[in-house]
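This report concerns only the one structure given below.
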Amino acid sequence: MKNFSLLFEKKCINCHQKTRYKYLLCKDCYEQLAFVDGYRNIRDCDCYFSLLHQGLTKKLIYDYKLNKREVIKYTLSDIVTDKILEKNLQDYILLKVPSTKKSINTRGFDHVDEIVKEVQKNTKMQYIPDGIIKVKPTQKQHNLSQFERMENLRGAFEVKEDFSQSKILVVDDIVTTKSTLIEIKNMLDGNYRDLKFITISSKSNEKSR
Ligand SMILES: [Zn+2]
């Protein structure tokens, strides 16, 4: 009977105690996530997100990214998928903010790519994994000022494809000071039909336009 009972063991991936309610979490854990109608303005481009980067959200992203708890990618990609559906962005092409080779090697996986692949499966949107590439190694950003971050990122990204006729949606895990997304917007230099951003979480929320 052991295998049979496993089928019914749909426990919350966070507390491992209670039955799953949504996004693989039980109702109590789900309610610990700070869902918002998140919006940040990236030099006149929209950036949407679902969660404030605090509490359980912070823990889940940390456990996924740094402790490699792979199952969390389904929670995070379903949250991103729902935001795309809510904002009606299914006709955009998915791109990801690329990580440095060094951090992919250290972590053992490309955490954003794994999430976007799941979003692609959920939505059937087009995804171009190497649409934006990283051409310059950058330092870790968390101890840098806004100015230093912009300097650190300058010239770090390139595009290989022609997106001048495309509506593109660039995905990242977290938006903090916006420096990365601003650099991507600057690098694209208007060569798109439309550009939007989507992240899982953000350190702050602005009023949407
Ligand atoms: Zn739970």
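General observations
- Options Ser77, Ser50, Ser103, Ser99; residue that is small (Gly, Ala, Ser) and in contact with a Ser or Thr (Cβ under 8 Å, 6 or more places away or on another chain): Ser50
- Scanning the range 119-133 for residues that are surrounded by fewer than 17 Cβ atoms within 10 Å (Cβ to Cβ) and in contact with a Lys or Arg (Cβ under 9 Å, 6 or more places away or on another chain) yields a total of 3.
- Sole residue being touching a strand residue (DSSP E or B) at 6+ places or on another chain (Cβ under 7 Å) and free of Cβ contacts under 8 Å to residues at least 24 places away in the same chain, chosen from Val135, Val170: Val135
- Some residue of the range 169-180 being surrounded by fewer than 16 Cβ atoms within 10 Å (Cβ to Cβ) and at pLDDT 95 or above: no
- Qualifying positions in the range 21-71 - more than 14 Å from the ligand (Cβ to nearest atom), hydrophobic (A, V, I, L, M, F, W, C) and not in a strand (DSSP E or B): Ala34, Ile61, Leu66
- Filter result for Leu60 (under 15 Å from Asp113 (Cβ atoms), crowded, with 16+ Cβ neighbours inside 10 Å and touching a residue at least 12 places away in the same chain (Cβ under 8 Å)): no
- Some residue of the range 89-109 being under 30 Å from Gln165 (Cβ atoms), surrounded by fewer than 16 Cβ atoms within 10 Å (Cβ to Cβ) and in contact (Cβ under 8 Å) with a residue 40 or more places away in the chain: yes
- Residues of the range 132-182 that are within 16 Å of Arg43 (Cα to Cα) and polar (S, T, N, Q): Gln146, Thr176, Thr177, Ser179, Thr180.
- Scope the range 140-149; condition surrounded by 11 or more Cβ atoms within 10 Å (Cβ to Cβ) and under 20 Å from the mean Cα position of the chain (by Cα); matching residues: Gln141, Arg149
- Of note, Lys68 does not satisfy the criterion of being under 18 Å from the mean Cα position of the chain (by Cα), within 16 Å of Glu118 (Cβ to Cβ), of a type outside the set (Phe, Trp, Tyr) and surrounded by 15 or more Cβ atoms within 10 Å (Cβ to Cβ).
- 1 or more residues hydroxyl-bearing (Ser, Thr, Tyr) and more than 19 Å from Ser50 (Cβ to Cβ): qualifying helices (runs of 4 or more DSSP H) within the range 94-193: 101-107, 179-188
- Unique match (being assigned to a strand (DSSP E or B) and either basic (Lys, Arg) or at pLDDT below 95 (or both)) among Lys207, Lys196: Lys196
The values are calculated or read from the model by the stated rules, or taken from the named source; none is laboratory data. Everything quoted here is computed from the prediction, not taken from an experiment. FYI the Cβ positions are ideal-geometry reconstructions off the backbone, even for glycines, and counts take in every protein chain you see.
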